[in-house]
1. Net charge around His32, counting only other residues with Cβ within less than 14 Å of its Cβ (Lys, Arg = +1; Asp, Glu = -1)?
2. Percent relative contact order of the range 11-70, based on C-alpha pairs within less than 8 angstrom and at least six residues apart?
3. For the range 43-59, what does the Karplus curve 6.51 cos²θ - 1.76 cosθ + 1.60, with θ = phi - 60°, yield as ³J(HN,Hα) per residue in whole Hz, taken in order and with x for Gly and Pro?
4. Starting at the first residue of the range 31-41, write each ³J(HN,Hα) from the Karplus equation 6.51 cos²θ - 1.76 cosθ + 1.60 with θ = phi - 60°, in whole Hz, x for Gly and Pro.
5. State the percentage of accessible surface on the chain attributable to carbon and sulfur atoms; use a 1.4 Å probe and exclude ligands, DNA and RNA.
6. For the chain, what does the accessible surface come to per residue with a 1.4 Å probe? Please give it in Å².
7. So what's the back-of-envelope 222 nm ellipticity for the chain, counting only DSSP H runs of four-plus at -39500 (n - 2.57) apiece and dividing by all residues, rounded to 500?
8. Using amide H atoms built in the peptide plane, which far-off residues or other-chain residues are under 5 Å from Phe55 H to H?
Amino acid sequence: VNACVDVVLSGVKLLQALGLSPGNGKDHSVLHSRNDLEETFIHFMGKGAAAERFFSDKETFHDIAQVASEFPETQ
């Protein structure tokens, strides 16, 4: 059984809420940290492309998902 629940919100606003600021973009095939998320987001945003990546750190992923789900405009 595979279940997927999407949270839709502004990626820029999420990065701001996480205290991350624009820097250099870099593609990470697996995300291990908030910094990896920031770099990968910037890398693909600059190309106007979307990307899906696995987040290896369960606790960091949970923290990011919690912040994302608290935005009033989150769908």
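1. Values: positive: Lys26, Arg34, Arg53, Lys58; negative: Asp27, Asp36, Glu38, Glu39, Asp57, Glu59, Asp63.
So the surrounding residues net to -3.
2. Values: 62 pairs, mean separation 20.5, N = 60.
Averaging sequence separation for qualifying contacts and normalising by length gives 34 percent for the range 11-70.
3. 4, 7, 4, x, 9, x, 10, 9, 8, 10, 9, 7, 9, 6, 9, 4, 5
4. 8, 10, 7, 4, 4, 4, 4, 4, 4, 5, 4
5. On the way: 2930 of 5550 Å².
Its accessible area is 53 percent carbon and sulfur atoms.
6. On the way: 5550 Å² over 75 residues.
So the chain comes to 74 Å² accessible per residue, rounded to a whole number.
7. Details: 3 runs with 31 residues, N = 75.
So the calculated ellipticity at 222 nm is -12500 deg cm²/dmol.
8. So Phe55 has HN proximity to Leu31.
The values are calculated or read from the model by the stated rules, or taken from the named source; none is laboratory data. This is a predicted model, so every value here is computed, not measured. Cβ coordinates were reconstructed from backbone atoms using ideal geometry, including for glycine residues, and neighbour counts include every protein chain displayed. All accessible areas refer to the heavy atoms of the entire protein, side chains included, with ligands and DNA or RNA removed. Shrake-Rupley method; radii C 1.70, N 1.55, O 1.52, S 1.80 Å.
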